[in-house]
1. GluC sites (Glu not before Pro), restricted to the stretch 811-849: which are DSSP loop and have at most 11 other Cβ atoms within 10 Å?
2. Hey, with R₀ at 56 Å, roughly what FRET efficiency would Glu856 and Met478 work out to, going by the Cβ-Cβ distance, to 0.05?
3. If we sort 499-510, 116-127, 626-637, 644-655 on the protection proxy, mean other Cβ atoms within 10 Å, highest first, what's the order?
4. Where the eigenvalues come from the Cα gyration tensor of the stretch 558-682, what are the semi-axes √(5λ) of the equivalent ellipsoid, largest first, in whole Å?
5. Take the Cα of Glu413, step 7 Å along the line toward its Cβ, and report every residue of the stretch 340-377 whose backbone nitrogen sits under 20 Å from that point.
6. Calculate how steeply helix 358-367 sits against the longest principal axis of the alpha-carbon atoms of the chain, using the helix alpha-carbon long axis, and give the answer as 0 to 90 degrees to the nearest 10.
7. So if I restrict to the alpha-carbon atoms in the stretch 64-124, what is the Rg, and what is Dmax, the biggest pairwise distance, in Å?
8. Please quote Rg/Rh for the stretch 838-878 to two decimal places, taking the Kirkwood radius as Rh and restricting both calculations to Cα atoms.
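Just so it is clear, none of the values below were taken in a lab; they were calculated from the coordinates. In this text the structure is predicted, and so the values were computed from the model without any measurement. Note that we place each Cβ from the backbone using ideal geometry, even for glycine, and neighbour counts take in every protein chain shown.
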Amino acid sequence: MSSTYDHKQIEPKWQKHWEEQGIFHAADVVRGKKNFYLLVEFPYPSGNLHIGHWYAFAIPDIFARFMRMRGFNVLFPIGFDAFGLPAENAALKRGINPRTWTHDNIEYMRKQLRRMGASFDWEREVVTCEPDYYRWTQWIFLQFFKAGLAYQADSLVNWCHSCKTVLANEQVIDGRCERCESAVMQRKMKQWLLKIKDFADALLHDLETLPWPEEIKEAQRNWIGRSEGALVKFPISNFQFPNKSQITNSNLYVEVFTTRPDTIFGATYLVLAPEHPLIENLESGIKNLEEVKEYIERAKTKTEMERGQLQKEKTGVELAGIRAVNPATKEEIPIWVADYVLMGYGTGAIMAVPGHDARDFAFAQEFHLPIRKVISPEVGANGRSPVQGAYEGEGAVVNSGKFTGLDSQTARERIVAWLELNKLGKRSTSYKLRDWLISRQRYWGCPIPIIYCRRCWENPKSKIQNPKLVGSEIDGVMHAVIPVPGDQLPVELPELDDYKPRDDGRSPLSKAADWVRVKCPQCGGAAERETDTLDTFIDSSWYFLRYTDPGNEKVFAAQEKMAQWMPVNLYSGGAEHTTMHLLYSRFWIKAMERLKLVPWCEPYVRRLNRGIILGPDGQKMSKSHGNVVDPDEQVERLGADAVRMYLAFIGPYATVGAYPWSMNSIVGVRRFLERVWMLGNKLKTQNSKLKTKETFINKYPAVQKKRLQMLAHQTIKKVTEDIESFKFNTAIAQLMTYTNELVKADLRDPAMRDYYTLLIVLLAPFAPHIAEELWQRMRFAHAADQRRSNTQINADDSENVSSIFKEPWPKFDPRLILEMKVSVVIQINGKKRGMVEVLRGAGEEEVFAAVGAAPEIQKYLRGITVTKKVYVKGKLLNIVAQ
Ligand code: ANZ
Ligand code: ZN
């Protein structure tokens with residue numbers, strides 16, 4: 001047996017062993033064990049694992065292994081989120097079939113993932129582009145459709161003229177196409193949507209029950225963006241029309257949404273979004289129609305993001321000849337069209353109160369519109385002071401008729417009551433959240449299982465048979481929208497010669513004429529398939545259910561199987577998924593729950609967002625910066641264990657930080673593993689030299705023995721608690737301290753073997769391969785010793801316990817833990833910034849790691865680079881940084 005640490009030899013060996021033994025396969029039920037479902041966001045099969053993947057998978061693996069050793073039956077699955085644009089782009093660029101491209105990438109990544117030594121249950125792998133998976137994606141979609149939760153509507157989409165394609169929001173960078181950089185236009189197209197807005201209140205309400213980090217919850221709240229306010233009607237009083245009073249009493253009005261009805265007396269003009277349908281109705285009365293139309297055309301070139309920005313210069317055009325009446329002041333006010341008002345929010349129209357809204361103020365100044373002050377910051381002020389900017393706060397109501405003198409909150413209530421009484425308005429809630437646009441004019445996605453039949457629409461009987469039958473216009477002709485029957489699922493993606501979207505924006509699937517033409521499942525006549533595919537966020541909205549029952553061909557997952565594992569105990573992923581993926585999948589499960597397809601209304605109990613790993617230069621890793629660290633190279637040189645352990649050491653995992661990669665530090669971690677290895681070697685030789693008890697006792701004072709015992713128990717406690725709270729970095733620091741003490745101790749002590757075994761067991765979740773190797777060697781050495789001393793060894797023992805990961809996690813004895821901590825003063829550039837608690841005898845590394853776990857000190861290091869550290873043992877660490 002070789003006595004040098006050779007990761008190239010041991011890592012593949014144990015990976016093979018674990019897989020052959022099926023050690024990480026999760027049975028649904030294990031007697032006497034609780035189930036624990038640890039989910040990581042499954043990767044997109046881009047074709048090559050980068051350091052980010054390692055951070056995403058190898059670090060949660062620490063927790064998976066730890067939980068197993070603690071006696072849980074752990075499900076730690078993996079799969080591939082395999083539909084999406086890059087496959088299609090590769091197909092377009094290099095002429096490869098997207099399916100081939102995806103499968104090749106998956107194949108390669110499976111190998112890479114295995115080399116990571118993560119304890120995935122490969123038997124449950126889920127791949128979303130496989131028909132046996134997307135069959136159920138289609139099936140669930142159809143349940144939503146039948147329940148009215150999926151519908152079609154004309155929607156604005158981002159359109160790139162030169163690529164002739166619809167772009168996802170994330171493909172639009174600063175208003176330009178991510179690929180060809182030409183300006184993106186907004187274009188109206190018929191799209192499929194899901195009614196996520198119906199669930200906005202439930203999504204907000206249930207968020208409060210989740211023990212998630214507050215910043216994630218806050219981000220979701222903001223995304224949903226619930227605002228309470230009122231809808232108010234402003235009648236149009238166009239004196240161009242013959243009879244003014246008739247018009248005023250007609251139902252021609254502009255309805256606005258406002259959160260500040262208390263400011264209605266200050267509404268000096270109205271603003272419509274350029275897409276507002278009323279503009280078309282008013283055309284005959286608009287004197288400057290040409291100018292208005294031009295403005296509306298120009299607005300199409302801007303994305304909503306740009307339009308909504310406060311700093312943006314204000315543009316707009318008045319609807320000359322048309323005016324509205326402010327129902328509170330009875331004054332006639334102008335109506336403008338401006339792109340800072342968005343069609344998708346509220347009613348797409350606002351009452352502008354330039355005295356109290358910053359954007360309205362900027363606009364009014366630009367176009368010399370009247371600004372009237374109706375709220376005064378101090379209660380009792382007269383409101384006649386000159387206007388300087390917009391006052392957006394609460395205060396005393398002024399210049400507001402019978403409401404003058406009230407405080408703004410009370411006025412808000414009274415004015416809404418008055419509006420309701422006069423049928424001019426009503427209380428209302430608006431949400432920033434839009435219904436989820438799910439159709440994509442793309443090839444590489446899950447086909448939408450819908451068939452359009454003209455005959456069924458035109459046949460009067462079909463509406464009698466199915467009163468809920470919906471129609472859809474295709475090229476000016478109405479068709480019945482018919483779901484593909486369950487026994488005809490999946491609707492498989494056809495092969496194509498050309499994956500490019502069509503010039504008219506329609507999906508490339510529409511080119512597969514034979515596939516599009518289909519017999520109507522209802523009337524048997526000639527019908528055609530929907531050619532759009534589903535947003536890939538749908539594929540990832542339920543994959544975690546499929547992991548519980550991946551092979552099922554009868555249902556998406558059996559209720560009993562889901563009941564064993566769901567809801568997910570812990571979901572670890574990237575901060576970039578805080579709003580979209582997490583919100584979409586929460587909605588998806590709520591919709592399934594409404595349809596009684598699942599019994600719970602939240603999919604994930606706990607959520608953890610990790611940070612990111614930067615290049616060695618502190619910049620985001622990217623090919624153009626030349627700072628990309630290739631994990632395969634690192635594994636080759638230093639081993640998977642060193643890479644994993646270094647990433648665990650780099651910073652607290654549950655904090656969304658950005659950690660620069662350091663070559664020195666990973667080498668430091670590797671040295672630590674070598675030290676652990678060498679200690680094992682020394683221990684073996686020392687043990688065999690040990691002859692009598694007497695010689696040992698003489699050389700090894702009892703005090704020191706006691707100290708080591710305390711440290712051992714302290715270490716169990718610290719490592720256990722730190723892993724539980726995802727502070728893997730400080731757990732590792734503790735293991736380093738412990739190892740240092742073991743190296744210094746008298747190796748001839750028979751107890752040393754136990755202390756060393758403890759080290760290996762505690763190390764196992766972090767560096768599983770080396771730990772397994774050392775542990776197996778100890779076992780054999782132990783067995784050999786026992787044989788030498790003629791003790792009978794249990795033959796079963798060596799067969800059953802075939803892995804360190806079947807060992808129980810050690811327990812500590814609190815009585816043996818004396819206060820062994822010291823407080824070290826931390827200075828940064830000579831200034832005291834706080835204290836950290838470390839174990840007596842801790843080295844500079846451990847103290848510095850403790851600083852990393854102390855945000856109140858860490859914040860002083862943000863943005864500066866540590867150049868030097870001066871450590872006075874157990875007392876002071878001075879960090880020199882620039
Ligand atoms: C009058 C007013 C007076 C407003 C005032 C604000 C302050 P939040 O809080 O984000 O919900 N608004 C309404 N619909 C809009 C749209 N489609 N595009 C752009 N702005 C819109 O914002 C609600 C406020 O945003 C509404 O209340 C409205 O302006 C504006 F002192 O009405 B407010
Ligand atoms: Zn039909």
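1. Hits after loop and neighbour filter: Glu819.
2. FRET efficiency, Glu856 to Met478: 0.30.
3. Put in order of decreasing packing, that is 644-655, 116-127, 499-510, 626-637.
4. Three semi-axes, in Å: 39, 21, 11.
5. 375-376
6. In the chain, helix 358-367 runs at an angle near 40 degrees to the longest axis.
7. 15.9, 50
8. Details: Rg = 10.4 Å, Rh = 10.8 Å.
Rounded to two decimals, Rg over Rh is 0.96.
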